[in-house]
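Undergrad: Take a look at this one; I'll ask things after.
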Number of protein chains: 2
Amino acid sequence: MPALKATDFYGEVTWLGCVPDRQAALSSKPLKKAELDWGGIVGEAHGGMSRASCSRVLDQHPRGTEIRNTRQLSILSNEELAQIAATMELEGLLDPAWLGASMVISGLPDLTYLPPSARLQAPSGATLVVDMENRPCQLPAKVIDAAHPGFGKRFKAAGKGLRGVTAWVERQGGIALGDRLRLHVPDQPVWPHLAAARGL
Amino acid sequence: MPALKATDFYGEVTWLGCVPDRQAALSSKPLKKAELDWGGIVGEAHGGMSRASCSRVLDQHPRGTEIRNTRQLSILSNEELAQIAATMELEGLLDPAWLGASMVISGLPDLTYLPPSARLQAPSGATLVVDMENRPCQLPAKVIDAAHPGFGKRFKAAGKGLRGVTAWVERQGGIALGDRLRLHVPDQPVWPHLAAARGL
């Protein structure tokens with residue numbers, strides 16, 4: 001019995017993008033299709049096999065330590081983006097480009113809490129591994145403010161639990177708008193000590 | 001708030017090993033210390049950044065497809081190995097070398113079900129990412145039979161849910177017998193649709 005199980009859950013790719021230069025801008029530019037290599041979306045400034053560790057993992061590594069890059073892609077949910085916009089009382093939608101997103105998917109419920117180590121597979125065979133939940137940060141505030149003055153500061157709180165996941169490439173290949181991604185999950189029980197380990 | 005949380009759970013490394021030539025033998029040879037590079041334990045035949053996909057992932061990839069190697073290390077639990085041996089009614093212990101193990105850890109309860117995407121960090125800073133449960137296979141049966149004739153066929157059933165996890169290197173460094181590994185877990189709720197996705 002394999003440990004990784006193909007499920008009947010699918011999500012449709014409704015948006016693709018990449019950040020060409022992270023020094024120049026946080027925003028990503030939209031794409032109609034993307035090529036995934038071992039480093040992520042080709043052309044993505046956050047790509048690469050390894051990365052210098054950042055403030056998010058200071059409990060694990062001194063800043064700037066070379067670690068494997070499990071944050072190659074930032075994947076968000078259409079439905080969750082709409083929820084964030086509603087909470088922010090933003091008229092219209094939250095543009096994924098403002099958040100530096102790599103991909104937006106529709107149809108996968110509670111995408112932010114997808115099981116760590118789950119896989120998302122495109123029709124081409126290209127496969128992404130979900131590392132874990134992404135956490136909202138303050139950085140998009142300025143970008144949002146530029147489009148909707150005064151709304152930026154509402155983003156971080158509104159995005160809690162809705163900020164999508166980070167992921168990395170397990171199998172190379174192409175991906176395009178409209179692709180249906182199939183979800184595969186580790187077919188195992190929840191660790192009985194998880195709540196205790198989380199300090200709950 | 002970082003998504004990866006340091007916990008108060010630790011395990012001690014009680015055994016280390018590597019398989020020098022997987023064609024020659026399934027068994028691993030014991031080591032006192034090991035160096036971890038991006039491909040896993042240096043000298044391990046199952047190491048490498050990528051691997052040709054095997055029968056375990058036929059639902060995801062045609063056999064022989066190049067995918068990232070999330071099976072660099074096979075990590076087992078002392079306590080679970082003792083449970084397997086007891087169920088097999090084996091006198092004495094199950095030698096982790098027979099299973100081609102990379103590492104045995106003591107003190108982490110229910111190690112086989114450690115949360116996918118959890119990290120295990122050594123005092124050197126070397127860090128492993130848990131991919132998911134490993135599933136028992138028939139291959140160790142012959143090795144066990146050579147030492148304990150007739151017992152080999154009991155292994156697969158006895159090992160169910162106790163066969164440890166597969167893991168890969170997130171940060172390079174050394175690891176040695178006696179090292180205390182700290183467990184870090186994704187600090188997020190269980191995906192509400194997991195049971196449905198698993199078909200339960």
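A short reminder: the numbers here are calculations on the coordinates, not readings from a lab. Everything numeric in this text was worked out from a predicted model, so none of it was measured. Heads up, the Cβs are rebuilt from the backbone with ideal geometry, glycines too, and the neighbour counts pull from every protein chain shown.
Undergrad: Any idea what the dipole of the range A:22-174 comes to, in debye rounded to 20, about its Cα centre with Lys/Arg Cβ at +1 and Asp/Glu Cβ at -1?
TA: That gives the range A:22-174 a dipole magnitude of about 360 debye.
Undergrad: Find the centroid of the Cα atoms in the range B:4-78 and in the range A:143-200, then give the distance between the two in whole Å.
TA: The range B:4-78 and the range A:143-200 have Cα centres spaced 27 Å from each other.
Undergrad: Using a cut-off of under 18 Å, list every residue of the range B:70-99 whose amide N is near the label point 7 Å from the Cα of B:D145 along the Cα-to-beta-carbon line.
TA: Only B:88-90, B:95, B:98-99 pass the distance filter.
Undergrad: Arrange the peptides B:168-175, A:74-81, A:147-154 so that the one whose residues have, on average, the most other Cβ atoms within 10 Å appears first.
TA: A:74-81, B:168-175, A:147-154
Undergrad: If you build the convex hull over the alpha carbons only and average its shadow over all orientations, what do you get for the range A:86-159? Give it in nm² to one decimal.
TA: 5.7 nm²
Undergrad: Given Cβ point charges of +1 (Lys, Arg) and -1 (Asp, Glu) and nothing else, what value in debye, to the nearest 20, does the dipole of the range A:92-169 about its Cα centre take?
TA: 260 debye
Undergrad: In addition: At a temperature of 20 °C and a viscosity of 1.002 mPa s, determine how fast the protein assembly as shown diffuses translationally according to Stokes-Einstein, using the Kirkwood radius over alpha-carbon pairs as Rh; express D in µm²/s, rounded to the nearest whole number.
TA: 98 µm²/s
Undergrad: Roughly how large, in nm² to one decimal, is the mean projection of the convex hull of the alpha-carbon atoms in the range A:131-178?
TA: 5.0 nm²
Undergrad: Shifting gears a bit: So the label point goes 7 Å from the Cα of A:K33 along Cα→C-beta, right? Which residues of the range A:96-139 then have their backbone N under 15 Å from it?
TA: Those under the cut-off are A:122-126.
Undergrad: Take the Cα coordinates of the range B:24-127, assign each an equal point scatterer, and use the Debye formula without solvent to give log10 I(q)/I(0) at q = 0.13, 0.14, 0.15 Å⁻¹.
TA: The Debye formula, applied to the Cα set alone, gives -0.59, -0.68, -0.78.
Undergrad: Enumerate the lysines that B:K153 could reach by cross-link, defined here as Cα to Cα under 24 Å, with residues fewer than 8 away along the same chain left out.
TA: Once the sequence-local lysines are set aside, what remains near B:K153 is B:K29, B:K142.
Undergrad: How big is the C-alpha Rg of chain B next to the rule-of-thumb value 2.2 N^0.38 Å, as a ratio?
TA: Scaled against compact globular proteins, the figure is 1.01.
Undergrad: Would you mind listing the distances between the A:C54 label point and the same position in each other copy? Use 7 Å along Cα-to-C-beta, nm, one decimal, shortest first.
TA: 3.5
Undergrad: Along the charge dipole of chain A, pointing to its positive end and built from +1/-1 on Cβ of Lys, Arg, Asp and Glu, which listed residue (A:A157, A:P109, A:A82) has its Cα farthest out?
TA: Of the options given, the answer is A:A157.
Undergrad: Something else: For the residue pair B:A196 and B:Q23, what label-to-label distance in nm results when each label sits 7 Å from Cα along the Cα-to-beta-carbon direction?
TA: So the two model labels end up 4.9 nm from each other.
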